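Structure in structure tokens, see below.
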Amino acid sequence: MSRSFISGLFSRWSSGLFLAGFLFVAPVSSQAEEIVVYSARIEQLIKPLFDAFTKETGITVKFTTDKEGALLTRLLAEGKRTPADVLITVDAGNLWDATRNNLLKPVTSPILEANIPANLRDPKGQWFGLTVRARTIVYNTSKVKPEELSTYEDLADPKWKNRLCLRSSKKVYNQSLVAMMIAELGETETERIVKGWVNNLATDPIADDTLALEYVAAGRCDVTLVNTYYYGRLMREHPALPLAIFWPNQATTGVHVNVSGAGVTRYSKHEAAAVRLLEFLSSEHAQKLFVELNMEYPANPQVKYGEPLTDWGNFKQDPKSIVKAGELQPEAVRLMDRAGYR
């Protein structure tokens, strides 16, 4: 056998080996894709979901956590240079701010549109709700009978004088509630109600929902407005507290709900993988993890959940688009200021 024949055979074998190696390696590199998430949700609430996503898809997730406003400011400052592919934040007001500042891009996804109801997502597909946060009445069971309660508006009645506790108006949760009341009742009637709340306060506005619940349990006030997961956390630690949930406005507008949600950043470098993460977070697996980790309701109405949420009873949600909570938030803040609600 000639040396030239052997050399040619080796050359063809080497080329074939290289091509086979290339074809073998190519899928591995796609599996090593990585996306970056800016999250206003704390690590222990999101890392288990990212780990599950990586296990299912092979796509790794790097994430940065910070306050809502700080993340929006960072995205604005970074512009096209941002490494972020996804923004996760809480409250429709913050999500609306992100769209108003052109920080998110429209996404078309049949999966997200099937999983997330229209009233819990941006009509242009710039963000999608991931969990539902019900803001409801909690009362002291030794001082209030449930038949005394009815609506958010009724808490302005003088019968609640020196019996009401409220979280500070500086927090977006109550700003969104008032914004949705403006959408339903108009500014004049909403301002009358908020002034009634202020007149009925037993204490100055309180720093956070947990403290408001503790005030009610201690008898410093009889009723308050909180997100239900704060109630769930406190009762898990102190089940004997004299507290119970009441679902207001069941004969009218339904309970005010808000969301935590997410969108793909305007300058994402990995849009397909970012959309895949959002789709995963709307899936049954991820939605159940959200429920277990933070006792929030799933945004996907097809997902079944168990205790303790089922123990709190069923309720009718306000069906209006929560986009209004963002659009009318500036008006809500001015109204609360005029009403003396600090």
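The values are calculated or read from the model by the stated rules, or taken from the named source; none is laboratory data. Quick caveat: nothing in here was measured; it's all calculated off a predicted structure. Cβ atoms come from the backbone with ideal geometry, glycine included; neighbour counts cover every protein chain shown.
At pLDDT 95 or above, touching a helix residue (DSSP H, G or I) at 6+ places or on another chain (Cβ under 7 Å), over 23 Å from Val216 (Cβ atoms) and not assigned by TED's automatic domain parsing to the domain that holds Thr224: is that true of Leu71 in this structure?
No.
Moving on. For segment 245-285: of the residues being charged (D, E, K, R) and closer than 25 Å to Gly306 by Cα, which is surrounded by the fewest Cβ atoms within 10 Å (Cβ to Cβ)?
Selected residue: Glu284.
Also, I was wondering about something else. Output the residues belonging to segment 167-204 that are outside any helix (DSSP H, G or I) and buried (at least 19 other Cβ atoms within 10 Å of the Cβ).
Matches in segment 167-204: Arg167, Ser169, Asn200, Leu201, Ala202.
Please determine, by comparing only the residues of segment 100-110 that are out of contact with any Lys or Arg (no Cβ under 8 Å at 6 or more places or on another chain) and not charged (D, E, K, R), which one is surrounded by the most Cβ atoms within 10 Å (Cβ to Cβ).
The residue in question is Val107.
Give me a count of the residues in segment 299-334 that are more than 20 Å from the chain's Cα centre (by Cα), aliphatic (A, V, I, L, M) and either part of a loop (DSSP other than H, G, I, E, B) or not assigned by TED's automatic domain parsing to the domain that holds His238 (or both).
So the answer is 0.
Select, from Asp122, Asp97, the only residue that is within 30 Å of Gln250 (Cβ to Cβ) and of a type in the set (Asp, Glu).
Selected residue: Asp122, the only one of Asp122, Asp97 that is within 30 Å of Gln250 (Cβ to Cβ) and of a type in the set (Asp, Glu).
Which of (1) surrounded by 15 or more Cβ atoms within 10 Å (Cβ to Cβ); (2) part of a strand (DSSP E or B); (3) within 18 Å of the chain's Cα centre (by Cα) is the odd one out, the single condition Thr64 does not satisfy?
For Thr64, the exception is condition (1).
While we're on this one: Looking at Tyr305, Tyr231, Tyr267, which is the one that is touching a residue at least 12 places away in the same chain (Cβ under 8 Å) and within 26 Å of Thr99 (Cβ to Cβ)?
Tyr267
When both residues are 6+ apart or on different chains and their Cβ atoms are under 7 Å apart, which pairs have a first residue that lies in segment 145-158 and is in a loop (DSSP other than H, G, I, E, B), and a second that is surrounded by fewer than 16 Cβ atoms within 10 Å (Cβ to Cβ)?
Partner pairs satisfying both residue conditions: Thr151/Thr252.
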